[in-house]
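Down below is the structure, laid out as structure tokens.
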Amino acid sequence: MAELDIRKPLPAITTEAKPFWDAAAQQKLVMQRCQDCRAWVWTPRPSCFECGSERVEWTPMSGKGEVYSFTVIRQVVGRAASKAFEPDIPYVIAWVDLEEGPRMITNVVGCGVEEVKLGMKVSVVFEQQSPEIWLPKFKSQQT
Amino acid sequence: MSIRDKAAIVGIGETPTDRLGSKPGEPRKSSAEYISWAMRLALEDAGLSLKDFNGQGLGVTIPTAYPQPFWPEEVAEILGITPGFLLGGATGGAGSVSLLGGMAAAINSSLIDVALCIGAAAPFSEHFGGGIQPGDMRDWEIPYGTMGPNSKIAMVMRRHMHQYGTTLDHLGKIAVAGRYHASLNPAAYLRKPITIEDYKNSRLVADPVRLLDCVLPANGGKAYILASTERAKKLRKRPVSLKGFGERSNPSYGARAGSDALIMGVKDAGKVAMEMAGVKHGDINFLELYDDYIIVVYLQIEDLGFCAKGDLGYFERTDFTFKGQLPIQTGGGMINCGQPSTAGGTLHILEAVRQLRGEGGDRQVPNAEIGLVSGLGVLPYGKNLGCCAVAVLGNEA
């Protein structure tokens, strides 16, 4: 079955992001926080995008947030690797605003696509994609 | 020091738009062929020759699907120009507007006296393979199954509708005005007029983004020639002066805590460009706004300050057609004329030049003296568009 060979694209485990994936494998959501100006820094990077300090440290997050906006994917388009998402259709891509402030692109899972609403309170769940990669996704706090 | 009225557009060239190459056996052209064709048209328009550009400026927009870092240098080789100042337009779809600022600055400093700015792409007839995605997209978007720009713009559009009560009637008005202008533009690709109902009933592509929200990818080449104001006076066409320019890359709206993903960098870039030009909103006779999506045009009208954010009444009462209070997309925009990758944004400069020369034909804005053009490029993580460039053009220096 040729289609079984189509794998979902995985993130590269870069040196900046390795602590994030190590924590995710332990079911923990962490992000960088500037030790000088206290800004949350997301996505992972070597220095604070508010003040330039390199003293950014991995810090535990509550894993709670709310849906800022979302779209429903009903059709795959574009790159060949997109085909790997076909069995998941329809699914939700969302911007989730975390309690601490950063906004993540993620999936809202565990409910029907028609149940997802803006402002919906969500909390993190981790879905294993490979031996090293557990992707943080979000589900409704009501379920 | 400012670059106000230091340089003027003296020639434009635009190949017809096509989508050839998507079916087997169709005739195909390469990017290089569209580039040469666009240059010839621009040279004829300006009354200049290839030799006029030796030791002068060459600016080349860098397309997304041609992952070759020396493309501007290769274009010089293809065209047979020996430039004295070579710039790559590397701000995605904003590239051609960015080049206006860079080349005008080079002209103002007497590095050069004239510049050819050019770009082409042939996404249907040329295939170079994948290319490399920016790191954030590769690591933090694609693994979740995002489907290109549609996914992100759909989230921007849904949030705007949620936050301000914007409806498909408000957005559809932009789409209908653009297509109406395209119906009056012999060079447009989609020319059959549409109604609000056609817009509302078009297929959902990435809920709530519909087919008639989206730009139309196409093959084609586009070029303009910029010259010093003194040189421009000696050439055959009425000069179109660059009066103001502003640019913002990586505006801070979006990923940071407490930020607003509905505000675009044109807010800052537009302010800078209008102050440089010394114009107020009432002085601007028409807008040619970068239009990868209808909602992106809508946001820019707000962020340029023509109305307050979320002022639905403004969109309800304003006539956006060429005879209205605020004409926009007077040739139909990229949504109706086609987008050859990052060269697509050049369309808006070329249409503004036609309007300011009085060459707008059946869609000529009456008494057009000042037009505002924007270019946008790149969709960074957690934001709307990353690179925003704005130019104010006028027909009096």
What nm distance separates the two modelled labels at B:Glu77 and B:Arg236, each placed 7 Å from Cα along Cα→Cβ? 3.3
For the protein assembly as shown, with +1 on Lys and Arg beta carbons and -1 on Asp and Glu, the positive-most of B:Ala223, B:Ala122, B:Leu385 along the dipole: B:Ala223
Return the whole-Å distance between the Cα centroid of the stretch B:59-132 and the Cα centroid of the stretch B:167-196. 30
Using 0.36 nm per residue of separation minus the Cα-Cα distance, give me the extension gain between B:Asp362 and B:Ser2 in nm, one decimal. 126.0 nm
Which trypsin sites (Lys or Arg not before Pro) in the stretch B:192-277 sit in a loop by DSSP (not H, G, I, E or B) and have at most 16 other Cβ atoms within 10 Å of their own Cβ? B:Arg203, B:Lys234, B:Arg236
Across all Cα atoms of the stretch A:62-143, Rg and the largest Cα-Cα distance (Dmax), in Å, are 12.9, 36
Suppose R0 equals 30 Å. What FRET efficiency, 1/(1 + (r/R0)^6) with r the Cβ-Cβ distance, do B:His162 and A:Ala84 give to the nearest 0.05? 0.50
The longest stretch of chain B containing none of the GluC sites (Glu not before Pro) that sit in a DSSP loop with at most 16 other Cβ atoms within 10 Å is B:1-358
Under the 0.36 nm per residue contour assumption, what length would be gained going from the current alpha-carbon distance of A:Glu57 and A:Gln128 to full extension? 23.1 nm
Derived scalar couplings ³J(HN,Hα) [the stretch B:319-330; Karplus, 6.51 cos²θ - 1.76 cosθ + 1.60; whole Hz; x for Gly, Pro]: 8, 8, 7, 5, 9, x, 5, 9, x, 10, 6, 5
Given points 7 Å out from each Cα along the Cα-Cβ axis, report the B:Asn250 to B:Leu50 separation in nanometres with one decimal. 4.0
Cross-link reach from B:Lys233 to aspartates and glutamates, straight Cα distance under 13 Å and at least 8 residues apart if same chain, gives B:Asp5, B:Asp113, B:Glu396
Net length gained if the chain between B:Glu275 and B:Leu20 were fully extended (0.36 nm per residue, minus Cα distance): 87.5 nm
Quick one: check the C-alpha center-to-center distance for the stretch B:288-348 versus the stretch A:97-116, whole angstrom. 31
In peptide B:134-140, what is the residue-averaged number of other protein chain Cβ atoms found within 10 Å of each Cβ? 6
Would you list which aspartates and glutamates come within 16 Å of B:Lys29, measuring only between C-alpha atoms, while excluding same-chain residues fewer than 8 positions from it? B:Glu14, B:Asp18, B:Glu126
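The numbers here are math on the coordinates, done by the rules we state, and not lab data. Quick caveat, the model's predicted, so the values are computed rather than measured. No Cβ is skipped: glycine too gets one built from the backbone with ideal geometry, and neighbour counts run over all protein chains shown.
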